[in-house]
Every structure is written in structure tokens, then in C-alpha cells.
Amino acid sequence: MDEKYLHESAEGSVGGYGEAGSLLPPTGDEGVDDAVAGLSRLQGRPVDEHVAVLEEVHGRLRDILGELNEGPGLTDQAESP
């Protein structure tokens, strides 16, 4: 995203994406959207607190990907010769 888009979105002239106040479009997966919405906690926080927020969001996204890897279709394929 370029700065112009972010500036316009913040002022509400574009809007309509994701959760209220989010500048990101929805992904179509509620869990991913919830995790990414956690990035909104960065705004207004000191930079030294950003790492904890980013690690939490990254962990949630990693867990979601892990759940996808454990899906029923993938384990059946892995066991087939």
C-alpha cells in the first residue's frame, strides 16, 4: 500500500475494509482476520512494545497455518504410498 492510500483510508474516504478502523481488506478467513486485526494495537504504542504485538500476531497466524497442515485431506495423502 502506498502512503496516499493509507492517508485516504485513515480519513475515511476509502474505508469499508475489514474491522472498523482496519486499513486491510478481509482475507475471507475469520481467524486470520482476527489475528491481523491485532496489528491495530501497534498504533499509539511506543516502538519498544511493537515486538510483543508482532510476535503475538505472528504466533496466531503460525497456529492457523499449522491447523491447515493438519487438515483431514493432507494426512490421508501423506499416508498413501
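The values are calculated or read from the model by the stated rules, or taken from the named source; none is laboratory data. All of these numbers come straight from a predicted model, not from anything done at the bench. Here Cβ is always computed from backbone atoms with ideal geometry, including for glycine, and neighbour counts include all displayed protein chains.
Overview of results
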{"read-out": "The one condition in (1) touching a His at 6+ places or on another chain (Cβ under 8 Å); (2) at pLDDT below 90 that Pro72 fails to fulfil", "value": "(1)"}
{"read-out": "Segment 41-56 residues that are part of a loop (DSSP other than H, G, I, E, B), paired with ones that are of a type in the set (Val, Ile, Thr) (beta carbon under 8 Å, 6 or more apart)", "value": "Arg45/Val53"}
{"read-out": "Contacts under 9 angstrom Cβ, first residue in segment 18-36 being on the phi < 0 side of the Ramachandran plot, partner at pLDDT 90 or above and among the polar types (S, T, N, Q), 6 or more apart", "value": "Glu19/Ser40; Ser22/Ser40; Leu23/Ser40; Asp33/Thr27; Val36/Thr27"}
{"read-out": "Residue count for segment 37-69, restricted to those that are at pLDDT below 95, hydrophobic (A, V, I, L, M, F, W, C) and within 9 Å of the chain's Cα centre (by Cα)", "value": "2"}
{"read-out": "Top-ranked residue of segment 26-40 - restricted to ones that are farther than 16 Å from Glu67 by Cα and of a type in the set (A, V, I, L, M, F, W, C), ranked as surrounded by the most Cβ atoms within 10 Å (Cβ to Cβ)", "value": "Val36"}
{"read-out": "Residue count for segment 14-26, restricted to those that are modelled with pLDDT of 70 or more, over 18 Å from Leu54 (Cβ atoms) and in contact with an Asp or Glu (Cβ under 9 Å, 6 or more places away or on another chain)", "value": "1"}
